[in-house]
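Below you'll find the structure, written out as structure tokens, and then a few comments.
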Number of protein chains: 2
Amino acid sequence: MKNITIGIDIGGTNTALGIVDTQGNCLEKRSIRTNSSQGAESYAEGIASTIREMTGKVAYNLKGIGIGAPNGNYLRGTIEHAPNLDFEDIVPLTDLIGKYFDVPVLLTNDANAAAIGEYVYGGARGMRDFIMITLGTGVGGGVFVNGEMLYGHDGFAAELGHTTAIPGGRQCNCGKLGCLETYCSANGLRRTVFELLASSNKPSLLRNFSFKDITSKEVFYKASEGDEIALMAFDRTAEILGKQMADFMAFSSPEAFFIFGGLAKAGDLLFNPLEKYFNNNLLTVYKNKAAIRKSELEEGNAAIVGASALVMNALQSEWGVIK
Amino acid sequence: MKNITIGIDIGGTNTALGIVDTQGNCLEKRSIRTNSSQGAESYAEGIASTIREMTGKVAYNLKGIGIGAPNGNYLRGTIEHAPNLDFEDIVPLTDLIGKYFDVPVLLTNDANAAAIGEYVYGGARGMRDFIMITLGTGVGGGVFVNGEMLYGHDGFAAELGHTTAIPGGRQCNCGKLGCLETYCSANGLRRTVFELLASSNKPSLLRNFSFKDITSKEVFYKASEGDEIALMAFDRTAEILGKQMADFMAFSSPEAFFIFGGLAKAGDLLFNPLEKYFNNNLLTVYKNKAAIRKSELEEGNAAIVGASALVMNALQSEWGVIK
């Protein structure tokens, strides 16, 4: 019997489920509609029957189920006020799914799940203090301190994307101004490009794109071809992220930062200036201490593997290494 | 035999030593010159003989020695590169003092010691996640997460005074620009007064003071008498601190903030606007969750009591409550 866990990644449209082995390999994936308007109980039932189908045919030994969800609360096992899901305000999802299985069911938010994935299967193995920053549509954070995930008193710690990067700055979807997310997410990069197109006279192929059409991938291609505006946009993104990471360093003093998500694919275009601005903004006592690294999680499966790592980590803390 | 600990508060000029009982009462205090130019070994010897004198005459049962020091490193028991002390770069002070006694000797920085004092003897008793902010000559931080002090990978976490409040802002002694400390310390308040005296035409008795002569106490008196510039200075201080505390909330989501040090004595003048600006800057998920409270530590003995709490906390984690 092969020991496995199930990782579940809940998105607004689709829910991805994966069978993950004890090494963090995703053996099989399935996707179902999230269909949150049908109610949480029917949704949980759909998840349970999909898991049964996936695990029924092979001699698997199911050890646990981990879930990564927007606005997921680890301490309570709930999804709370998720803006892109149609559920009631507070969904006790671990209870609803737990009814169907005799194994631990745990849930956390997607950025925390990514951090735990890095800790259990990725570059942060063996580290006690590190910070994972997810640069996607938004900016997410996951913080490890003293070898444990930082959840805070209410389960909602590490909303690093909503720390203030520029006081009184850009309007954020959260209602605040100047959040890190408004500068360093994929959408933030696009906003920066438009700011630069307005403030500068430099020629740029990016002047041919509408705001809606421009993607961070496109900005990356243009930067790779030497487009000055695109290069400046990456530099500005790195400047703001680097400064903010220096503040995070002054808070929890991690031994490493891991950068995950779409913008991390820009490689040196992002990491070289990031390293520079991070160091420029560090208090002397922290100089040359923390590494900035690209996440080692495989992009396509990271959310599933991270979710499975959540339950794997809990099991291993209790029982030791599972093989 | 009465169980006691010794708390030691190391300052640039003087070192204060106190006998502290298990309830956090300081029974007796002594002060010696810090005399760091004589070398660390002779300094440690002086501390040891003072402790012997203090504890020799009464039937005390000495349980441990706790030290609060500038640039103190808990993990290594060292004072490292302290700018206001004349010692060599790295002083292994717990080893040097430990030679003379058969009890645990622990050391941390002053702001952390204050936080542990609040945790063991003050308003944070029973809390697992809280943040202590010390508003003194500088701004210090101490962070508890999951019921433990946050030290980070190197022992230097929680330098909250050196997070960036205003990017590109005021020059800080640390070499950076815009640190929280340059706005919200006693000296920061003075700088704010001068900024307001320059930008505004309002009459103010504070126009009679030189930069050197003005103190935060004086600003407090003038504000209490309704001086508009002084009131604006407190409001501005609270605005910047409140915004920064909202960022700290987004990092570790504590259940409470404790404010300690000189400026905390301003009471409602600081706390009322602080509450307002903190709430205005909070992400929705954190609204109405964390209290902002004045430290319950007694100002005069707080550093000694905090240092003693460091060792008391360690002893109690190991042995349970000591009476």
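The values are calculated or read from the model by the stated rules, or taken from the named source; none is laboratory data. The structure displayed is predicted, hence computed values, not measured ones. Cβ: placed from backbone, ideal geometry, glycine included. Neighbour counts: every protein chain shown.
Hey, any hits in region B:53-60 for a residue that's touching a residue at least 12 places away in the same chain (Cβ under 8 Å) and closer than 18 Å to B:MET312 by Cα? Taking every residue of region B:53-60 in turn, at least one turns out to be touching a residue at least 12 places away in the same chain (Cβ under 8 Å) and closer than 18 Å to B:MET312 by Cα.
For every residue, the table says whether it meets (1) β-branched (Val, Ile, Thr); (2) farther than 22 Å from B:GLY142 by Cα; (3) surrounded by fewer than 22 Cβ atoms within 10 Å (Cβ to Cβ); (4) in the same structural domain as B:THR134 (by TED's automatic domain parsing).
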site	(1), (2), (3), (4)
B:LEU231	no, yes, yes, yes
B:LEU241	no, no, no, yes
B:PHE251	no, no, no, yes
B:PHE271	no, no, yes, yes
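One residue stands out in region B:260-291 among those that are under 23 Å from B:TYR221 (Cα atoms) and not in a helix (DSSP H, G or I): the one that is farthest from the other protein chains (Cβ to nearest Cβ), namely B:GLY267.
All conditions but one from (1) farther than 25 Å from B:PHE248 by Cα; (2) without any contact (Cβ under 8 Å) to a residue 12 or more places away in the chain; (3) out of contact with any strand residue (DSSP E or B) (no Cβ under 9 Å at 6 or more places or on another chain) apply to A:GLY300; the one that does not is (3).
Residue-level analysis places A:GLY72 outside the set of residues that are in contact with a helix residue (DSSP H, G or I) (Cβ under 6 Å, 6 or more places away or on another chain) and within 26 Å of A:GLY155 (Cα to Cα).
In region A:28-43 there is at least one residue that is touching a strand residue (DSSP E or B) at 6+ places or on another chain (Cβ under 9 Å), assigned to a helix (DSSP H, G or I) and aromatic (Phe, Trp, Tyr).
Listed here are the residues, each with its yes/no results for (1) touching a residue at least 24 places away in the same chain (Cβ under 8 Å); (2) on the phi > 0 side of the Ramachandran plot; (3) surrounded by 23 or more Cβ atoms within 10 Å (Cβ to Cβ); (4) not assigned by TED's automatic domain parsing to the domain that holds B:VAL20.
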site	(1), (2), (3), (4)
B:ALA256	yes, no, no, yes
B:ALA264	yes, no, no, yes
B:ASN280	yes, no, no, yes
B:ALA290	yes, no, yes, yes
B:ALA307	yes, no, yes, no
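For A:ASP235, the stated conditions hold: it is closer than 18 Å to A:LYS276 by Cα, under 25 Å from the mean Cα position of the chain (by Cα), of a type in the set (D, E, K, R) and away from every other protein chain (no Cβ under 14 Å).
The residues of region B:132-170 that are more than 7 Å from chain A (Cβ to nearest Cβ) and more than 17 Å from the chain's Cα centre (by Cα), listed by number, are B:GLY147, B:ALA165, B:GLY168, B:GLY169, B:ARG170.
Looking at B:GLY140, is it of a type in the set (Gly, Ala, Ser) and under 19 Å from B:ASP247 (Cα atoms)? Yes. Has region A:80-99 got at least one residue that is hydrophobic (A, V, I, L, M, F, W, C), within 27 Å of A:ALA44 (Cα to Cα) and touching a residue at least 60 places away in the same chain (Cβ under 8 Å)? Yes: one or more hits. Residues of region A:130-164 that are buried (at least 24 other Cβ atoms within 10 Å of the Cβ) and touching a Phe, Trp or Tyr at 6+ places or on another chain (Cβ under 6 Å): A:PHE130, A:ILE131, A:MET132, A:THR134, A:PHE144, A:ALA157.
When A:ASP86, A:ASP95, A:ASP110, A:ASP129 are screened for being at pLDDT 95 or above and more than 11 Å from chain B (Cβ to nearest Cβ), only A:ASP95 passes.
The criterion of at least 3 residues that are farther than 18 Å from B:PHE251 by Cβ and touching a strand residue (DSSP E or B) at 6+ places or on another chain (Cβ under 9 Å) is met, among strands (runs of 3 or more DSSP E) falling completely within region A:83-169, by A:105-109. Restricting attention to region A:174-202, the residues being part of a loop (DSSP other than H, G, I, E, B) and in contact (Cβ under 8 Å) with a residue 12 or more places away in the chain number 7. Pairs linking a residue in region A:140-156 that is among the acidic types (Asp, Glu) to a residue that is modelled with pLDDT under 95, with Cβ atoms under 7 Å and 6 or more positions apart or on different chains, are A:GLU148/B:ASN146. Considering only residues of region B:171-193 that are closer than 18 Å to B:LYS222 by Cβ and either out of contact with any helix residue (DSSP H, G or I) (no Cβ under 9 Å at 6 or more places or on another chain) or polar (S, T, N, Q) (or both), which is farthest from the other protein chains (Cβ to nearest Cβ)? Here the residue is B:ASN187.
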